[in-house]
Amino acid sequence: MRSPKSEALLSRYSTIIIFLIPALTIFTLFVVLPIGEAAYYSFYRWNGYGDPEKYVGFKNYAYLFKNRVFILSLKNNFYIIAISLFIQLPFALLIALMISDKIKGATFFRTIFFLPYILAEIVTGLIWAYIYDGNYGLVAAVWGFFGAEAPFIIADKDWALVAVLIVIFWKFFGIHMMIYIAGLQAISKEVLEAAKVDGAGSFITAIRIKIPMLIPTIKLSVFLSLLGSLQLFDIIMPLTGGGPSNVTHSMVTYLYYFGVMRMKIGFGSAVGVIIFLICLFIAIGYQRTLMREDNENRF
Amino acid sequence: MKTFLKLFFSIFILASFSTAKADTIKWLHLFGDDDNSMPGMLKAVKEFEEKTGHTVVMQYLENESFKAKLPTMLQSNDRPDIFYSWSGGVMYDQAKAGFLRDISGVVPDSYLQTVSAAAADAFTYGDQRVGLPKQVAQVAWWYNKDLINQAGVDVSKIKMWDDLLSAVQQVKDAGITPICMGGKDKWPVHFIWTHLHIRNGGKALFIDSLNNGGWGRPEYILSGEQMLELVALEPFQKGWLAATWPDQAGFFGDGKCAMAFMGNWMYGAQAANSASGEGLGDDNMGMFNMPMTKGGLGDSGDTLGGINGWLFSSSAPDSAVELIMHYVSKEIQTEDASNGAYIPIVKGADAALENPFLQQVAKNIANSQYHQIFYDQFLGADIGRVVNDVSTDLAAGIISAEEATQAVQEAWEFNQ
């Protein structure tokens, strides 16, 4: 004979289990198993044909951390994160603060700034490859207008990464701006009106009221930006293909070019495992530290 | 009733028989609709389907996608029966893993006698015949006669590497871009470095390196140094590192540079990718072989190029092999040759070549004692792409000749 308390507990857990089974099955099939497989393959020298047979232990990992291009790709990912966090997000916040209120033209600007995000990343890469083209692109036209010889930005190994960062900035700041606008619109009007009554101007209201109340939204935006930066692939492929001289690879394009395209599936799997671990470390670390308070408040 | 039953069973057996015999053959290729190879392929398919009752499904993938997707496709149930190949290392990997069918029993000797023996041999793995050849190609220096004459260069005097360097300098001094290059794709760059390997090291050294390593030999370092001499002249068009192979062909076809080092497919590509769609025209185009290097162990007649053809996946039916034998036949290869589509491998079909450039290439390959398949294909996907990488880095001037050879040696060791 079960007590009513244990009955309730059992019923609660049964419900949870029933609802979790489909999600867990899909998660296991499409996330856990592939990760496990990748980890397994990473210990083999395998070209993707047949079954992996040549066990090499940690050699793929050792080779990876000696590889100049991988180290460069890792650095590039951190540059992308830095640009996203310290330039893109503050800029998105600034624009959001400017156009979040119901002022004239706000909707127009929101649409304009959000438009790049609607474009598929591969299309964005192609468009910008054309814009940067020193022969026929927009850059060529602008330089030509002033009678100057246009630079070939994405062919220049000193400037190619900057060119990629500009595209990333252009493409993604709109989504962060929209997230901030949504957060700003959720701030209670009474609070803002009280600040106004107390004589706070726009700047003070933004600094003292809006931004502090937007902190949970900013944390979420930073989190999305971090993970997005680590997964960057589609824009780089058509824009530079990781070139010139492999200076614009992200870790994921590195995986594709040096793993898949070279049919080094074992080695590519090692790259995949490293990317996964970095993402996992950042995700758990971020959730456990910066977003901890928000999570606790939520539950 | 008996007659009805007899008739019914006869129809049933006939229908079952014909269903069992009618194969659906999946043929994966990488030729776009405007490619010169397509008319011949479509003709072969139509004739074969009418003759045999089999169905041929043509499947197309772009070059890079083809290379990326093929390993997965071959391991799926949706694998093609026939697919394109550049022979060499990738083919060996596929054969070694058991993904190719040994077609020795299906291809009669009488057929093999109709094709070039060297080309047919390129599609063997050990004692297995895993594919059939279609065409050969050679890489050479293409030049724009107007621009070369404008610069006062006498192409007939380019016999040695130093002569080429002088010619490049002369063209540059005339205010003309000497060489068009598609650096983003990398493989166009590797032709220069690896052809210098062929001149400096010759066949024996290549075979030895292939089997025993030693990609850092002085002869190969010398190739890098020679390439750096060329690079020091800043011979390529502005922005060459972001230019693709079609860009390279288009620039050459538009007369924006004096020379390009490319396979014989440049002939059609320079026209197709030019702004006018017509390119330079035969009168304004010329071709010469890679010059010899001082003290080089190779022969000045040795050639770099391709032997391309068709492979058969492990589950390919006999009819797939029969289709390719029908396609790679004297009749169709002769027609394709007369259209200037490619250099055929069926004996006698090359007589139909009307294009003077293709005629010259066919002659060069016939006279060559050593026709080296493109390094990036022959050495397999991994080492081949390392060769492409370091060639481009050399051309960009960011690595030394020693570093380039060392990277290839490391890749070779990694794969042992």
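Just so it is clear, none of the values below were taken in a lab; they were calculated from the coordinates. All figures in this text were calculated on a predicted structure; none of them were measured in a lab. For neighbour counting, all protein chains shown are included, and Cβ atoms are generated from backbone atoms with ideal geometry for every residue, glycine included.
The figures follow:
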| item | result |
| --- | --- |
| Exercise: per-residue mean of other protein chain Cβ atoms within 10 Å, A:240-247 | 6 |
| Chain A: calculated mean residue ellipticity at 222 nm from DSSP helix runs of at least 4, using -39500 (n - 2.57) | -21000 deg cm²/dmol |
| Anchor A:K196: aspartates and glutamates whose Cα lies under 19 Å away (excluding residues fewer than 8 positions away in-chain) | A:D101 |
| Percent RCO, i.e. relative contact order, over chain B, from Cα pairs under 8 Å lying at least 6 residues apart | 25 |
| Considering only chain B, percent of DSSP beta bridges that pair antiparallel, nearest 5 | 65 |
| Cα centroid of the stretch A:44-66 to Cα centroid of the stretch A:184-200, whole Å | 60 |
| Contact order relative to length of chain A, as percent, for alpha carbon pairs under 8 angstrom and 6 or more apart | 28 |
| Within the stretch B:138-171, trypsin sites (Lys or Arg not before Pro) in DSSP loop having at most 12 other beta-carbon neighbours inside 10 Å | none |
| Cβ neighbours within 10 Å from other chains - mean over A:149-155 | 4 |
| Long-range HN-HN contacts of B:Y60 with modeled amide H, under 5 Å | B:H29 |
| Euclidean distance between Cα centres, the stretch B:41-72 to the stretch B:398-412, Å | 39 |
| Antiparallel content of DSSP bridges confined to the protein assembly as shown, in %, to 5 | 65 |
| For B:Y125, distant residues with modelled amide H under 5 Å away | B:V130 |
| Under 19 Å from B:K347, Cα to Cα: aspartates and glutamates that are on another chain or at least 8 residues apart | B:D109, B:D121, B:E322, B:E331, B:E335, B:D336 |
| Residues with amide H under 5 Å from that of B:T55, placed H, sequence gap 5 or more | B:D23, B:T24, B:I25 |
| Cysteines in the protein assembly as shown lacking a second Cys C-beta under 4.7 Å | A:C279 |
| Across A:K59/B:K184; B:K67/B:K157; A:K66/B:K294, pairs whose alpha-carbon gap is larger than 32 Å | B:K67/B:K157; A:K66/B:K294 |
| Scaled radius of gyration (Cα, divided by 2.2 N^0.38 Å) that chain B gives | 1.07 |
| Value at 222 nm in deg cm²/dmol, rounded to 500, when DSSP H runs of n ≥ 4 in chain B each add -39,500 (n - 2.57) | -15000 deg cm²/dmol |
